[in-house]
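Participant: First, the structure itself, so that you have it in front of you.
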């Protein structure tokens with residue numbers, strides 16, 4: 001398949017999740033992504049196991065985020081290895097890294113040095129909090145970023161206390177933003193022939209994620225107040241939220257309250273005016289929650305969906321993967337590691353010219369491609 005980034009060489013000086021997430025998407029779109037790893041330790045993510053799950057000698061997480069890549073091992077503190085890397089950099093299109101500010105400069109791999117070697121290079125970095133300010137050297141870890149950003153006061157009910165996202169939202173989002181910046185820089189290079197410096201940070205990515213809430217805060221000066229129950233968005237009025245039914249849960253999105261009340265025959269909801277749906281949202285939600293708990297999820301869906309009410313059942317992963325709607329998306333793919341272990345994971349969510357993008361190429365071993373890369377790019381003296 002002729003993919004849009006085919007022919008691009010990306011050198012990934014990245015570890016853990018944010019930088020490698022960007023590399024994964026670039027690889028899925030056709031770029032050749034080569035991880036630059038320490039000869040002995042490799043990417044630190046190799047030893048970061050989720051639920052203590054391992055495949056070969058590396059964590060399942062590493063295999064998931066680094067599929068479809070190659071590995072070139074290099075000691076960045078070795079002059080000989082750096083000299084070899086400089087030759088490879090001269091042939092590369094993109095460099096990514098997610099070290100703290102100043103680390104790449106100390107290693108002799110800062111933007112100015114790299115751009116002098118290859119003026120066409122797209123140099124893309126992810127930091128925790130940017131290059132300036134009192135936070136710049138603080139640990140850029142996902143939970144810590146969420147905690148500083150105010151994001152923990154947007155999820156969960158009011159009495160729950162600060163509630164983090166149950167996934168690495170800052171890492172994944174900043175990786176996505178880095179890809180956007182790289183693609184924009186590649187378009188600029190096509191027009192001008194010049195490379196660019198692209199910088200994102202986990203903190204800025206999470207702040208951008210909250211643009212809707214922060215804009216409202218800037219305008220009003222008031223902090224968001226989560227619902228006492230059935231919270232799904234602190235700025236939205238009743239009935240928006242998640243409600244328990246007799247056998248599960250039901251999600252109800254933006255819906256006129258009186259229309260909902262008439263469809264489900266809940267007369268108590270008709271007592272509230274449109275002006276009260278935010279001011280008295282917790283009272284309304286309490287009435288609705290008690291009413292919906294009397295019947296099954298399927299019962300309510302049978303009444304609401306035919307009347308174009310925006311609602312859906314709340315599914316866990318077992319239930320979701322049994323649904324035909326999920327199966328039609330074909331989101332799963334199998335990867336076979338070098339040792340023969342089979343891993344089921346998700347595919348790239350982008351379709352290209354109507355085709356689903358999958359790759360069975362597994363995550364590499366440390367330095368697995370040193371010999372072939374050195375030979376291809378003539379990195380060793382004959």
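Participant: Would it be correct to say that residue 42 is more than 27 Å from residue 355 (Cβ to Cβ), assigned to a loop (DSSP other than H, G, I, E, B) and in contact with a strand residue (DSSP E or B) (Cβ under 9 Å, 6 or more places away or on another chain)?
Facilitator: Taking the combined requirement at face value, the residue satisfies it.
Participant: Being outside any helix (DSSP H, G or I) and buried (at least 17 other Cβ atoms within 10 Å of the Cβ) is the filter here, so list the residues in the stretch 360-382 that pass it.
Facilitator: Of everything in the stretch 360-382, those that are outside any helix (DSSP H, G or I) and buried (at least 17 other Cβ atoms within 10 Å of the Cβ) turn out to be 362, 363, 364, 365, 366, 367, 368, 369, 379.
Participant: Looking for whichever is in a helix (DSSP H, G or I) and under 15 Å from residue 200 (Cβ atoms) here; the options are 114, 179. Which one fits?
Facilitator: 179
Participant: Across the stretch 337-377, what is the number of residues that are touching a residue at least 60 places away in the same chain (Cβ under 8 Å) and on the phi > 0 side of the Ramachandran plot?
Facilitator: So the count comes out to 1.
Participant: Working carefully through the options 205, 237, find the one that is in a loop (DSSP other than H, G, I, E, B) and surrounded by 14 or more Cβ atoms within 10 Å (Cβ to Cβ).
Facilitator: Only one candidate passes the filter, namely 237.
Participant: Okay, next question. Just give me the residues in the stretch 257-277 being in a loop (DSSP other than H, G, I, E, B) and either buried (at least 19 other Cβ atoms within 10 Å of the Cβ) or modelled with pLDDT of 95 or more (or both), in sequence order.
Facilitator: Of everything in the stretch 257-277, those that are in a loop (DSSP other than H, G, I, E, B) and either buried (at least 19 other Cβ atoms within 10 Å of the Cβ) or modelled with pLDDT of 95 or more (or both) turn out to be 265, 266, 272, 277.
Participant: Restricting to the stretch 154-176, what's the tally of residues that are in a helix (DSSP H, G or I) and modelled with pLDDT under 95?
Facilitator: 3
Participant: Okay, next question. Can you find, within the stretch 137-153, the residue that is nearest to residue 235 (Cα to Cα) among those that are out of contact with any strand residue (DSSP E or B) (no Cβ under 7 Å at 6 or more places or on another chain) and in a loop (DSSP other than H, G, I, E, B)?
Facilitator: Per the criteria, the residue is 150.
The values are calculated or read from the model by the stated rules, or taken from the named source; none is laboratory data. Just so you know, these numbers come straight off a predicted model, no measurement behind them. When we count neighbours, we look across all protein chains shown, and the Cβ atoms used for this are built from the backbone with ideal geometry, even at glycine.
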